[in-house]
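Comments concern the structure below.
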Amino acid sequence: MTTVSTTQETHYPTFHKPAASEFAVKPWMDNYETFCKTYDWNVTEKELRLPRANGYNKATICIDDHPPEVMKRPALVWEGTDGKKEIYTFEDLKRETSKAAHLFKNLGLQKGDRVFVFLERIPELYMVVFGALKTQALVGPLFAAFGPDAIKDRIQDCQARYVVTSPALKHRLDSILPECPSVEKVIVVDREGSYKSPQAHEVLYFDTIKSVPDTFEVPYTDKDDYSIIHYTSGTTGKPKGAVHRHYAVVSQAATSKYVLDLHPEQDIYWCTADPGWVTGTSYGMFGPWALGATSVVYEGPFKADTWYRIIQDYKVTVWYTAPTAIRMLMKAGDDVVGKYDLSSLRHLLSVGEPLNPEAIVWGKKVYGHVFHDTWWQTETGCMHIINFPSMDVKPGSMGRPHPGVEGAILDDNWNPLPPGSEGHLALRPKAPSIFRTYWNREDVYQSRFKNGWYITGDRASLDEDGYFWFFGRSDDIINTAGHLVGPFEVESTLIEHPAVAEAGVIGKPDPERMEIVKAFVSLKNGYTPSDELKEDIQRFVRNILAAHAYPREIEFVESLPKTRSGKIMRRLLKARDLGLPEGDTSTLED
Ligand code: WT7
């Protein structure tokens, strides 16, 4: 057993839970301990009035079947890359998703058929996803930046029958379609109206939905019926498709209430994640809309000025984003923050990778709010370990388990370890949104469960107060001269150095020390690589972190390889460094 103390615990002060009077809006959960005693997921199931007359269909729950006053509320507030703005109420979405459902039905879609949605972040993406869910398809949203091979692997794995795409993205699909005989029809969403010559296997979306009814009777849907599939990279092999049920909506709604703290009658919520990834569906569609909340979707790419303008223009109150974005905002500087009125913001959250303590401290300084880190995975389908609004935030900690979640740190024999020990982060697989299988890989799915625990693949520790601290993926931890070093700790420290924009840290094999810590570092504008700077950074880390944990090697790079969800791909850094095959890079960002 290895006992560790994370630097974050000692280095950064705790942000204490605000007094009741300090909240702009009283949080749904005002006392974590008391709440945990009585809460279980079925509380939310009841609040959602489940089962409905037709069971558990996500489209019914999120779109069709809200009280009349909610149906009139904006559900989707959209701004396109070109500045175009559109607003859809729940009533509007009910009509549009019904038309999409008819389109699929008329094509012959059967329950359980796989539908892939390969679209830009446009309103039709949302309509098509829910339309397909109404027909009981299993829906796979694909990130618009995917290349042909990533699309092909997924279609082939899933034997998808229908793919929805746009004229701009279609060429990447066309090139691999001959190798994908399962695909019967390609539905083309042509917002510009410029695509005039569809091929025999193509269906024009807007032409087709003109002539179908705008009401659709959603068939009875069981809680265990499949709804969404998201592919996630493993350490080996091709990405695996994690399959979720319609029932997942229960814990997605619960966490949207208690973690995002959405008060639908007054909040404007912005999730910056793309629906090609699980955050963009669980919290860009299902959870918030199950509560009847208004969601902002911005189609365009990241730019600090644009993001701040979106918050200002739409008076965003609750903002769910990612550490990479926060670091880019930090890089853009404090001055740009002052150009916009961000006073509507009241609750800030983050997910996807460790949230550096530095980013939390900076957020508090420039926005006046603490970023609340949340931990979960594609497989868990909803947030599991969380910094709740009414909880002390210890910068660097992922927080505490959601009520209804049991988490533990296990040893290598899958037995729970006491606080203070570093081990496997494991969860009891109880949340309604926990995945049900990896498509075609039931064996790999089963291998993720030990002694009744779901093994997350992360390493973490638990402190005496019940807070979880992240170390890295099981295979990322560096062992240098018998000391375990979490790359996150080193990266966090590195980015505190004034010259460092981003850092990725790996363990590099070393004959003497087993491994040494090696850092890949990109510099902020205005800094140039030099040996002096290297030494300065090394000294800096030695002083802040630990003598054994400072990077003995530093390599300056232009940028770091990252996944679409913003995680630095240490695996890739390592493979490149050692001259090994790079493996699957389909989730790599451009
Ligand atoms: C892995 C899951 C579900 C969000 C999108 C990513 C890492 C996620 C945190 C966090 C430290 C985090 C873990 C996890 N991760 N959130 N708050 N702190 N690490 O989903 O691609 O399935 O990745 O991302 O390693 O296992 P994903």
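The values are calculated or read from the model by the stated rules, or taken from the named source; none is laboratory data. All figures in this text were calculated on a predicted structure; none of them were measured in a lab. Counting neighbours? That spans all protein chains shown, and the Cβs are built from the backbone with ideal geometry, glycine included. Remember, those area values only see protein heavy atoms, side chains included, never the ligands or the DNA or RNA. Shrake-Rupley method; radii C 1.70, N 1.55, O 1.52, S 1.80 Å.
Beta carbons closer than 7 Å, at least 6 apart along the sequence or on distinct chains, pair a first residue in segment 306-335 that is open to solvent by less than 30 Å² (accessible area, probe 1.4 Å) and within 16 Å of the ligand (Cβ to nearest atom) with a second that is among the hydroxyl-bearing types (Ser, Thr, Tyr) and assigned to a helix (DSSP H, G or I) for Tyr320/Tyr283. Taken together, the residues in segment 375-391 that are in contact with a Lys or Arg (Cβ under 7 Å, 6 or more places away or on another chain) and more than 8 Å from the ligand (Cβ to nearest atom) amount to 3. Open to solvent by 10 Å² or more (accessible area, probe 1.4 Å), modelled with pLDDT of 95 or more, part of a helix (DSSP H, G or I) and of a type in the set (Val, Ile, Thr), is that true of Val361? So Val361 fails the test. Remark: Ser295 matches the filter, which requires a residue to be more than 16 Å from the ligand (Cβ to nearest atom), in contact (Cβ under 8 Å) with a residue 60 or more places away in the chain, buried (at least 20 other Cβ atoms within 10 Å of the Cβ) and closer than 30 Å to Lys84 by Cβ. Set side by side, the residues Lys152, Lys185 differ, and just one is crowded, with 16+ Cβ neighbours inside 10 Å, away from the ligand (no atom under 16 Å from the Cβ) and either farther than 30 Å from Pro581 by Cα or at pLDDT 95 or above (or both), which is Lys185.
Elements of the type strands (runs of 3 or more DSSP E) sitting completely within segment 179-295 and holding at least 2 residues that are over 30 Å from Met328 (Cα atoms): these cover 185-188, 202-204, 226-232, 240-245.
Only residues that are under 25 Å from Arg154 (Cβ atoms) and open to solvent by 30 Å² or more (accessible area, probe 1.4 Å) were counted in segment 531-569, giving 3.
For segment 374-388, a residue qualifies if it is open to solvent by 10 Å² or more (accessible area, probe 1.4 Å) and closer than 26 Å to Glu496 by Cβ, and exactly one does: Trp375. When restricted to residues that are within 15 Å of the ligand (Cβ to nearest atom) and open to solvent by less than 10 Å² (accessible area, probe 1.4 Å), segment 392-409 contains 8.
The set of residues in segment 570-582 that are out of contact with any Gly (no Cβ under 7 Å at 6 or more places or on another chain) and surrounded by fewer than 18 Cβ atoms within 10 Å (Cβ to Cβ) comprises Arg576, Asp577, Leu578, Gly579, Leu580, Pro581, Glu582.
Restrict the check to segment 202-215 and report whether at least one residue is assigned by TED's automatic domain parsing to the domain that holds Gly80, open to solvent by 50 Å² or more (accessible area, probe 1.4 Å), more than 28 Å from Lys152 (Cβ to Cβ) and without any contact (Cβ under 8 Å) to a residue 40 or more places away in the chain. So far as segment 202-215 goes, yes, one or more of its residues are assigned by TED's automatic domain parsing to the domain that holds Gly80, open to solvent by 50 Å² or more (accessible area, probe 1.4 Å), more than 28 Å from Lys152 (Cβ to Cβ) and without any contact (Cβ under 8 Å) to a residue 40 or more places away in the chain. For segment 78-98, filtering for residues that are basic (Lys, Arg) and open to solvent by less than 40 Å² (accessible area, probe 1.4 Å) leaves 0. Out of Thr255, Thr272, one residue alone is in contact with a strand residue (DSSP E or B) (Cβ under 9 Å, 6 or more places away or on another chain), open to solvent by less than 10 Å² (accessible area, probe 1.4 Å) and hydroxyl-bearing (Ser, Thr, Tyr). It is Thr255. Restricted to segment 336-358, and to residues there that are in contact (Cβ under 8 Å) with a residue 12 or more places away in the chain and surrounded by fewer than 18 Cβ atoms within 10 Å (Cβ to Cβ), the residue that is nearest to Ser256 (Cα to Cα) is Ser344.
Annotation for segment 102-124: at least one member residue is more than 25 Å from His244 (Cβ to Cβ), in the same structural domain as Ser227 (by TED's automatic domain parsing) and in a helix (DSSP H, G or I).
Filter segment 36-62 down to the residues that are open to solvent by less than 40 Å² (accessible area, probe 1.4 Å) and of a type outside the set (S, T, N, Q) and list them by number. Correct list: Tyr39, Trp41, Glu45, Leu48, Leu50, Arg52, Gly55, Tyr56, Lys58, Ala59, Ile61, Cys62. When the test is whether a residue is basic (Lys, Arg), open to solvent by 20 Å² or more (accessible area, probe 1.4 Å) and within 16 Å of the ligand (Cβ to nearest atom), Lys240 passes it. If you take just the helices (runs of 4 or more DSSP H) that sit entirely in segment 32-84, which of them hold at least 2 residues that are among the basic types (Lys, Arg) and under 25 Å from Ile268 (Cα atoms)? Counting at least 2 such residues, we get no helices (runs of 4 or more DSSP H) at all. Being surrounded by fewer than 17 Cβ atoms within 10 Å (Cβ to Cβ), under 24 Å from the mean Cα position of the chain (by Cα) and not assigned by TED's automatic domain parsing to the domain that holds Gly404 is the requirement here; does Asp30 meet it? Criteria not met by Asp30. Count of segment 444-459 residues, restricted to those that are of a type in the set (Gly, Ala, Ser), modelled with pLDDT of 95 or more and touching a strand residue (DSSP E or B) at 6+ places or on another chain (Cβ under 7 Å), is 0.
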